[in-house]
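Engineer: Questions regarding the structure given below will be posed in turn.
The values are calculated or read from the model by the stated rules, or taken from the named source; none is laboratory data. Bear in mind the structure is a predicted one, so any value in this text is a computation, not a measurement. Virtual Cβ from ideal backbone geometry, glycine too; neighbours counted across all protein chains shown.
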Amino acid sequence: MATTTPSASERPFQADAARAPGGLKRLPPGPRAPAMLQTLAWAVAPTWVMDHCAKRLGEAFTLTFAPSGMQLVMISDPEAVKTLFTAPPEAAPSAAANSPLAPVLGASSVLVLTGPEHLRQRKLLLPPFHGERMREYEGVIVEATRKDMASWPLGRPMSLHARTRMITLEVILRAVFGVEAERMEALRGAITEFLTPVQPLRMIVLALARPSRERPTGGLGQALDRLDAEIYAELERRRAQEDLIERGDILSLLMQARDEDGRAMTDEELRDELVTLLLAGHETTATSVAWAIERLVRHPQKLRRLQAEIDGEEQGAGEEYMKAVVNETLRVRPVVPMVVRMLMEDMRLGGYDLPRGTRVFPSIYLTNRNQRVYGDPREFRPERFLQEGPDTFSWIPFGGGIRRCIGASFAQFEMKLMLRTMLGELEPRLPSRGRRWRRGEWVRRRAITLVPIAGTRVVWQRRGASGR
């Protein structure tokens with residue numbers, strides 16, 4: 001009996017060897033789909049692309065993007081991730097300087113810098129986000145959460161993600177910028193305009209465009225100009241204040257920071273780091289809290305266990321289960337799906353000898369769901385983290401190595417406080433019309449983050465005496 005060979009369009013995710021830079025070696029296999037189709041799919045459905053490629057091609061595969069033909073090798077083997085993250089900085093630096101975000105963040109952003117300049121900036125930024133200093137912001141986080149909760153429509157469906165974004169913006173304004181009441185609205189307006197979500201069509205255009213070092217134009221450029229004007233005005237105002245040395249907000253601390261040579265950060269450096277904190281610390285934490293509630297409301301037993309811990313009903317109740325819920329949420333619903341490195345020398349990763357010049361994407365999304373590490377990796381099971389947690393390089397929601405997110409501890413701290421405040425007073429449940437998403441809300445792209453498609457639709461009600 002005669003057989004026919006399926007066309008490339010009929011088998012877009014079957015293996016197809018990719019030619020490495022220079023054409024000398026082979027990269028891991030990639031989809032057979034045309035580069036334009038791969039680019040469009042990545043722009044609108046990145047998790048679908050990663051899931052299908054991993055299922056058909058394994059823990060290492062190559063994506064090809066149009067129109068430049070740029071190839072990206074994605075890896076999710078924890079050993080390969082460890083090799084990359086622990087490589088010398090000069091061997092595998094970040095490739096963020098060539099991303100579409102670089103002109104927005106600025107040349108002095110810790111996410112863009114490499115080498116000694118990156119290490120200097122990182123050391124200046126670290127102190128406010130760790131230890132007892134971080135705990136000084138506890139009251140700010142709890143107060144911002146309760147203030148917003150007071151306006152929630154109890155008993156009626158609401159999209160939680162929009163509210164968590166308002167809460168984390170308030171925290172940014174007070175804990176990071178430390179602005180007084182009279183300056184709050186002007187800066188809030190500039191930040192809100194800047195953080196307006198990029199529409200799906202615009203995301204496709206950005207995905208197809210070549211990386212540019214030029215400052216954005218159009219609406220985004222105008223919003224960035226307004227934000228920059230507010231930031232520089234705040235820096236000038238802050239330098240004129242006599243109580244700068246007594247202030248505890250992060251901006252004031254950064255203005256007082258000095259490197260090993262006694263140099264302070266310039267206004268341009270401060271501007272770039274503040275914009276970076278806005279992008280990296282506002283949307284990500286807000287989305288992670290929304291994802292946590294989205295997961296808990298579909299797992300009532302786990303929700304009740306967490307509430308019992310919050311209420312102190314469990315013997316020796318502390319915050320172990322809260323930590324587990326936060327860690328599992330970050331594992332199964334990472335907000336940022338990957339990071340990127342540029343190989344400056346040949347390197348063996350995931351069984352492949354990758355040549356210098358290869359762009360490698362350690363997939364946070366796939367590594368956190370590696371089936372060799374996690375049983376039923378798609379399932380939400382905070383209990384995974386109650387005993388011995390996974391290896392460092394099997395759980396990478398904040399990246400890893402010397403480029404691990406500086407605000408990781410602060411983000412987890414903020415998540416726990418927001419969840420404790422919400423669930424200590426209110427009870428979430430699925431709206432009746434949300435039953436069609438009983439297994440969970442789908443993931444959609446919002447700029448560079450992965451968010452719940454319906455914004456975490458829930459109904460809140462006061463916890464009764466029986467629930468406490």
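Engineer: For segment 366-395, how many residues are of a type in the set (Lys, Arg) and within 21 Å of the chain's Cα centre (by Cα)?
Structural biologist: Step one: filter segment 366-395 for residues of a type in the set (Lys, Arg), giving 369, 372, 378, 381, 384.
Narrowing the set further to residues that are within 21 Å of the chain's Cα centre (by Cα) leaves 369, 378, 381.
The qualifying residues number 3.
Engineer: May I ask you to say which residue of Glu246, Glu283, Glu260 is surrounded by 13 or more Cβ atoms within 10 Å (Cβ to Cβ) and either within 21 Å of Met134 (Cα to Cα) or modelled with pLDDT of 90 or more (or both)?
Structural biologist: Working: Glu246 fails: surrounded by 13 or more Cβ atoms within 10 Å (Cβ to Cβ); Glu260 fails: surrounded by 13 or more Cβ atoms within 10 Å (Cβ to Cβ).
Testing whether each residue is surrounded by 13 or more Cβ atoms within 10 Å (Cβ to Cβ) and either within 21 Å of Met134 (Cα to Cα) or modelled with pLDDT of 90 or more (or both) leaves just Glu283.
Engineer: Residues being at pLDDT 95 or above and either in contact with a Cys (Cβ under 8 Å, 6 or more places away or on another chain) or small (Gly, Ala, Ser) (or both): count how many of those fall in segment 384-397.
Structural biologist: 1
Engineer: Right, another one. Is it fair to say Leu251 is in contact (Cβ under 8 Å) with a residue 24 or more places away in the chain, within 30 Å of Asn327 (Cα to Cα) and in contact with a Phe, Trp or Tyr (Cβ under 7 Å, 6 or more places away or on another chain)? Steps first, please.
Structural biologist: Details: in contact (Cβ under 8 Å) with a residue 24 or more places away in the chain: yes; within 30 Å of Asn327 (Cα to Cα): yes; in contact with a Phe, Trp or Tyr (Cβ under 7 Å, 6 or more places away or on another chain): yes.
Here the answer is yes, as Leu251 does meet what is asked.
Engineer: Continuing with this model, one more query. Against the conditions (1) buried (at least 21 other Cβ atoms within 10 Å of the Cβ); (2) over 25 Å from Glu269 (Cβ atoms), where does Ala91 fall short? Just the number, please.
Structural biologist: Every listed condition holds for Ala91 apart from (1).
Engineer: Further, regarding this structure: Which fully enclosed helices (runs of 4 or more DSSP H) of segment 94-206 have 1 or more residues being among the polar types (S, T, N, Q) and out of contact with any Cys (no Cβ under 9 Å at 6 or more places or on another chain)?
Structural biologist: On the way: elements: 102-105, 115-125, 131-135, 138-149, 160-171, 181-194.
Answer list for segment 94-206: 115-125, 138-149, 160-171, 181-194.
Engineer: Looking at Met158, Met149, Met74, which is the one that is in contact (Cβ under 8 Å) with a residue 12 or more places away in the chain, crowded, with 21+ Cβ neighbours inside 10 Å and among the hydrophobic types (A, V, I, L, M, F, W, C)? Steps first, please.
Structural biologist: Working: Met158 fails: crowded, with 21+ Cβ neighbours inside 10 Å; Met149 fails: crowded, with 21+ Cβ neighbours inside 10 Å.
Just one listed residue meets the conditions, Met74.
Engineer: Go through Gln301, Gln371, Gln307 for me and flag whichever is of a type in the set (S, T, N, Q), at pLDDT below 95 and surrounded by fewer than 22 Cβ atoms within 10 Å (Cβ to Cβ).
Structural biologist: Details: Gln301 fails: at pLDDT below 95; Gln307 fails: at pLDDT below 95.
Every option except Gln371 fails the conditions.
Engineer: Could you list, in sequence order, all residues of segment 127-136 that are crowded, with 18+ Cβ neighbours inside 10 Å and either free of Cβ contacts under 8 Å to residues at least 60 places away in the same chain or over 19 Å from Arg420 (Cβ atoms) (or both)?
Structural biologist: Result: Pro128, Phe129.
Engineer: Moving on. Taking Glu383 as the residue in question, decide whether it is in contact with a strand residue (DSSP E or B) (Cβ under 9 Å, 6 or more places away or on another chain), in contact (Cβ under 8 Å) with a residue 24 or more places away in the chain and among the charged types (D, E, K, R).
Structural biologist: On the way: in contact with a strand residue (DSSP E or B) (Cβ under 9 Å, 6 or more places away or on another chain): no; in contact (Cβ under 8 Å) with a residue 24 or more places away in the chain: yes; among the charged types (D, E, K, R): yes.
Here the answer is no, as Glu383 does not meet what is asked.
Engineer: Being buried (at least 24 other Cβ atoms within 10 Å of the Cβ), assigned to a helix (DSSP H, G or I) and touching a residue at least 12 places away in the same chain (Cβ under 8 Å): is that true of Ala290 here? So that I can check it myself, show each step before the final result.
Structural biologist: Numbers: buried (at least 24 other Cβ atoms within 10 Å of the Cβ): yes; assigned to a helix (DSSP H, G or I): yes; touching a residue at least 12 places away in the same chain (Cβ under 8 Å): yes.
Criteria met by Ala290.
Engineer: Given Arg237, Arg215, Arg226, which one is of a type in the set (Lys, Arg), touching an Asp or Glu at 6+ places or on another chain (Cβ under 8 Å), surrounded by fewer than 18 Cβ atoms within 10 Å (Cβ to Cβ) and at pLDDT below 95? If you could, list the steps in order and put the result at the bottom.
Structural biologist: Values: Arg237 fails: touching an Asp or Glu at 6+ places or on another chain (Cβ under 8 Å); Arg215 fails: touching an Asp or Glu at 6+ places or on another chain (Cβ under 8 Å).
That would be Arg226, the only listed residue that is of a type in the set (Lys, Arg), touching an Asp or Glu at 6+ places or on another chain (Cβ under 8 Å), surrounded by fewer than 18 Cβ atoms within 10 Å (Cβ to Cβ) and at pLDDT below 95.
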